[in-house]
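*Asks:* Below is a structure I'd like to ask you about.
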Protein chains: 2
Amino acid sequence: MADAVSAADNGVNVAALIAAREALTDAPAAAQFKWRAACEWKNGTHSQSTVESYYGLGQEQRHKRTFAFDADHPAVFASEDKGATPVEYVLVGLASCLTAGIAAVAQHRNIQLRSVKATIEGDMDIQGILGVDEEVRNGFSGIKVTYTIDADAKREDIEALVAQSQKRSAVYDIVTNPTNVTVVVD
Amino acid sequence: MADAVSAADNGVNVAALIAAREALTDAPAAAQFKWRAACEWKNGTHSQSTVESYYGLGQEQRHKRTFAFDADHPAVFASEDKGATPVEYVLVGLASCLTAGIAAVAQHRNIQLRSVKATIEGDMDIQGILGVDEEVRNGFSGIKVTYTIDADAKREDIEALVAQSQKRSAVYDIVTNPTNVTVVVD
């Protein structure tokens, strides 16, 4: 019988995630993570950030390699455009978080994904950041994410995947709810 | 006398930004921007996002080149660690936004920067994203940014630079205040 069961393989190790959930239920201290980046100003509005270490499961951890990211403002802001803008990094974080969640939830629900693509767009009135109008916020007035998903599932099941991914997404929570940020000078 | 005046040069074209502010005050429609990314699922929790076009100043715009970003979950989540995690992208966005702001404000205040470095750390209890405890949020419980700045200025002036950058930062606003996000399946 086992051979006749169609098993989805989206490359997500759901068994390990379920085991982790059980292990962390008994050891909540291990669930306390610290995610980090370092940022160095280059020139003008150009900076380079690196991501390398983090803390979790009760000890210091390290990515397989150091990831480096240039950020800058674009030419229309009289900058050099040497990297994506900071707000575009937020969009990358949100889209990639929701997409990873869709893959994980699909695996858990035994739905085979063939392709998952998203476009994400954030509206911004730059009168805010330029200080033209104090009533205009600096950030996005709203964000829209549009998924195109090809999977062995009915449309309603695909929509349910996306909804469950939103429910468990770290970045969706960060963007839709306030987070306390402390900025200090050393 | 002109030669005796010390003029800071942080590589930021403040004159252009002030001109833009004046121009946009008269033409607020040009201030409506749309920032975008596209995200494609690769395998497991690995995706690749690209940043290329945006809309602003009343027309479609394009970065000088396409920026591509791999995102993944780390090995401790039984993933391949093929890129930074989505939440680390948010930290990169926040640190780079504040850093660009510091350079721009310093230029405007004629303060020469020699070096600006930031470390950023976000605390997260992963019992949230794993669904262990519904009371635990998915995102960061808090974020701390620590700047080390070497500049031709008194400490209080450096602290004022950082404070003004926070006040005008798009990503600081996005992280500290809620934004409406709509997610649809095409």
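*Asks:* Out of A:Gly93, A:Gly101, report the one residue that is of a type in the set (Gly, Ala, Ser), touching a residue at least 40 places away in the same chain (Cβ under 8 Å) and either touching a Pro at 6+ places or on another chain (Cβ under 7 Å) or surrounded by fewer than 16 Cβ atoms within 10 Å (Cβ to Cβ) (or both).
*Replies:* A:Gly93
*Asks:* Can you report the number of residues in the range B:164-182 which are in a helix (DSSP H, G or I) and either more than 8 Å from chain A (Cβ to nearest Cβ) or β-branched (Val, Ile, Thr) (or both)?
*Replies:* 7
*Asks:* Separate question: Kindly indicate which of A:Arg168, A:Arg137 is of a type outside the set (A, V, I, L, M), over 18 Å from the mean Cα position of the chain (by Cα) and either modelled with pLDDT of 95 or more or open to solvent by less than 30 Å² (accessible area, probe 1.4 Å) (or both).
*Replies:* Just one listed residue meets the conditions, A:Arg137.
*Asks:* Which of (1) over 21 Å from the mean Cα position of the chain (by Cα); (2) assigned by TED's automatic domain parsing to the domain that holds B:Gly122; (3) in contact (Cβ under 8 Å) with a residue 12 or more places away in the chain does B:Leu24 not meet, given it meets every other one?
*Replies:* (3)
*Asks:* With on the phi < 0 side of the Ramachandran plot, touching a residue at least 24 places away in the same chain (Cβ under 8 Å) and among the basic types (Lys, Arg) as the only criterion, which of B:Lys144, B:Lys64 stands out?
*Replies:* On the way: B:Lys64 fails: touching a residue at least 24 places away in the same chain (Cβ under 8 Å).
Within the list B:Lys144, B:Lys64, the selection yields B:Lys144.
*Asks:* Identify, by number, the condition in (1) in the same structural domain as B:Gln164 (by TED's automatic domain parsing); (2) open to solvent by 20 Å² or more (accessible area, probe 1.4 Å); (3) in contact with a helix residue (DSSP H, G or I) (Cβ under 6 Å, 6 or more places away or on another chain) that B:Asn110 doesn't meet.
*Replies:* Among (1) in the same structural domain as B:Gln164 (by TED's automatic domain parsing); (2) open to solvent by 20 Å² or more (accessible area, probe 1.4 Å); (3) in contact with a helix residue (DSSP H, G or I) (Cβ under 6 Å, 6 or more places away or on another chain), the lone unmet condition for B:Asn110 is (3).
*Asks:* Across the range A:108-136, what is the number of residues that are closer than 21 Å to B:Gly58 by Cβ, in a loop (DSSP other than H, G, I, E, B) and in contact with a Gly (Cβ under 9 Å, 6 or more places away or on another chain)? Talk me through it step by step, then tell me what you get.
*Replies:* Pass one, the range A:108-136, residues closer than 21 Å to B:Gly58 by Cβ: A:121-133, A:136.
After this cut, where a residue has to be in a loop (DSSP other than H, G, I, E, B) as well, the list is A:126-133, A:136.
The next check asks that each one be in contact with a Gly (Cβ under 9 Å, 6 or more places away or on another chain); those that pass are A:126, A:128-129, A:136.
Within the range A:108-136, residues that are closer than 21 Å to B:Gly58 by Cβ, in a loop (DSSP other than H, G, I, E, B) and in contact with a Gly (Cβ under 9 Å, 6 or more places away or on another chain) number 4.
*Asks:* Would you point out which residue out of A:Asp81, A:Asp123, A:Asp72 is acidic (Asp, Glu) and more than 30 Å from B:Ala8 (Cβ to Cβ)? Reasoning before the result, please.
*Replies:* Values: A:Asp81 fails: more than 30 Å from B:Ala8 (Cβ to Cβ); A:Asp72 fails: more than 30 Å from B:Ala8 (Cβ to Cβ).
Answer to the check: A:Asp123.
The values are calculated or read from the model by the stated rules, or taken from the named source; none is laboratory data. None of the values given here were measured: they were computed from a predicted structure. Neighbour counts run over all protein chains shown; Cβ positions are idealised from the backbone, glycine included. Heavy atoms of the whole protein, side chains included, go into the accessibility calculation; ligands, DNA and RNA do not. Shrake-Rupley method; radii C 1.70, N 1.55, O 1.52, S 1.80 Å.
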